[in-house]
1. Note the full-extension length gain between ASN48 and LYS35 as 0.36 nm times their separation in residues minus their Cα-Cα distance, in nm to one decimal.
2. Would you mind getting the Kirkwood hydrodynamic radius of segment 47-108 from its Cα pairs, rounded to one decimal in Å?
3. Would you mind getting me the FRET efficiency between GLU24 and TRP111? Use the beta-carbon distance for r and R0 = 30 Å, nearest 0.05.
4. Could you state the orientation-averaged shadow area of the convex hull built on the Cα atoms of the chain, in nm² to one decimal?
5. For segment 42-92, what is the accessible area per residue in Å² when the probe is 1.4 Å?
6. Quick check: the angle from helix 16-29's long axis to the longest principal axis of the chain, C-alpha only, nearest 10 degrees?
7. Given contacts defined as C-alpha pairs under 8 Å and at least six residues apart, what's the relative contact order of segment 1-126, whole-number percent?
Amino acid sequence: MAKRATKWMRVKALRDDEKAAIAERCERFIREELKPRFMPEIRPTEFNYPIDIFGKWRASQYSFIQRYRSGFAHNLGEEFNAPFTRLDHRDDCLTEIRLDVMWHRHTGQWWRLYSSLTLEEALERIRTDGLLQPH
C-alpha cells in the first residue's frame, strides 16, 4: 500500500474580537449604504417584498441577508430570509484578515467572485458590483 504524503499548513482562525469588529463594520455598511439605497421604505405588494437587510455570522462566514414578507393570499404575512452575498474568511493568510466575496446564485450555490480582499475592498465590491447587491 502506498503512503500518502502529509502536507501541513498553518492557518489563522478569526478571534471573537476580530469577528465583532467585522460585524460592526458590516452593520454600519448595511445601515448607512445598503438600506438607504435598496430599501428606503417598506412597500407592501401582493407578492414577496423586502422588509429588512441584515448580516450574521455562521462559523467563519459573514452573510448579508435580505428578509422578505409574503403578500400572497395563501401565505400572507409569512417571512423568510434570502442571503445575497457572503464574506468567507481566508484562514490561510497569517498576517492580516483576508476575505473571499461570494455570490449567491439563484440555484442556491455560492460562487466566489473575488478572492483574498481586505474588508474595505470587499465592501467596495458589494457597493459597486450589481451581482452582489440585494434585489
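1. Gain on stretching ASN48 to LYS35: 2.9 nm.
2. 13.3 Å
3. 0.65
4. Over all viewing directions, the chain projects a mean Cα-hull area of 11.7 nm².
5. Accessible area per residue, segment 42-92: 56 Å².
6. The two axes meet at around 40 degrees.
7. For segment 1-126, the relative contact order is 18 percent.
The values are calculated or read from the model by the stated rules, or taken from the named source; none is laboratory data. Quick caveat: nothing in here was measured; it's all calculated off a predicted structure. Glycine gets a Cβ as well: all are built from the backbone with ideal geometry, and neighbour counts include every protein chain shown. Note: accessible area is taken over every heavy atom of the protein model, side chains too, but ligands, DNA and RNA are not part of it. Shrake-Rupley method; radii C 1.70, N 1.55, O 1.52, S 1.80 Å.
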